[in-house]
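I have placed the structure first, in the form of structure tokens, so that the comments after it can refer back to it.
The numbers here are math on the coordinates, done by the rules we state, and not lab data. All figures in this text were calculated on a predicted structure; none of them were measured in a lab. Here Cβ is always computed from backbone atoms with ideal geometry, including for glycine, and neighbour counts include all displayed protein chains.
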Amino acid sequence: MKAGILIQAIEAASTHVVRHPVLRKGRPLESCIFDGDELTSTLHLGAYLDEKLVGVLSAYEKQHPAFDEKNTYQVRGVAVLETHQTNGIGRLLMHSIERELSRKKVPLLWLNARLSAVPFYKNLGYKVEGGVFDLPLIGPHYCYYKTLP
Ligand SMILES: CC(C)(COP(=O)(O)OP(=O)(O)OC[C@H]1O[C@@H](n2cnc3c(N)ncnc32)[C@H](O)[C@@H]1OP(=O)(O)O)[C@@H](O)C(=O)NCCC(=O)NCCS
């Protein structure tokens, strides 16, 4: 893990500076606004290096039809600036949200992983649910999940 990374809660709008170049490149800035961003149950985490925001993720209280557990959360908008990828920042963000949700007694975390990110989630112990499906404008995805202690 890269030394000097600070993970902290951030406002929804603060995520855009990372979401836009990494996840919505070439699309309008409004494409960085996700449903549920402003709900009080939603969590946004930022990874700071030398006071610069270099990574973000968000977690939304949301059910998935495949899971019977109640009060599950969906993680979205996992992104690390291209210049800072493969330094352990994404892993740090995921571990932080897992800890935070576990503390809130959330039983299960799920997410829609783009194909290029599948090895990242597998590496973190996530299991696949179902087959590949298409998210409009983004491309093919798999649903991955983890049960929390
Ligand atoms: C996917 C992403 C968030 C991962 O963050 P990161 O900081 O680069 O990843 P980390 O350095 O924390 O990687 C943790 C582990 O996963 C592995 N990993 C990360 N991305 C990988 C990839 N695309 N393919 C294979 N392995 C990958 C790392 O090698 C590392 O493994 P190790 O423990 O064996 O060293 C980041 O690369 C990113 O923003 N990608 C573009 C946007 C994106 O795809 N977001 C996910 C949308 S579903």
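Cα centroid distance between region 82-140 and region 1-79, in Å? Using only Cα atoms to place each centre, the spacing works out to 11 Å.
The stretch between LYS105 and LYS127, if pulled fully straight at 0.36 nm per residue, gains 5.9 nm over its current Cα-Cα span. Can you classify region 53-149 as rounded, prolate or oblate using the Cα gyration tensor, where a ≥ b ≥ c are the square roots of its eigenvalues, rounded means a/c under 1.5, and otherwise it's prolate if a/b beats b/c and oblate if not? Because a/c hits 1.5 or more and a/b fails to exceed b/c, region 53-149 counts as oblate. Say R0 is 22 Å: what FRET efficiency, to the nearest 0.05, do LEU115 and THR83 get from their beta-carbon distance? Approximately 0.45, to the nearest 0.05.
Ranked by the mean number of other Cβ atoms within 10 Å of their residues, highest first, the peptides 137-149, 90-102 fall in the order 90-102, 137-149. Report the FRET efficiency, 1/(1 + (r/R0)^6), for SER14 and LEU137, where r is their Cβ-Cβ distance and R0 is 22 Å, rounded to 0.05. My answer for the efficiency is 0.40.
Near GLU61, within a Cβ-to-Cβ distance under 14 Å, what is the net charge of the other residues, with Lys and Arg +1 and Asp and Glu -1?
0
Annotation: aspartates and glutamates with alpha-carbon distance below 13 angstrom to LYS127 (same-chain offsets under eight excluded): none found. Count Lys and Arg as plus one, Asp and Glu as minus one, and take only other residues whose Cβ is under 15 Å from that of TYR121; the net charge is then +4.
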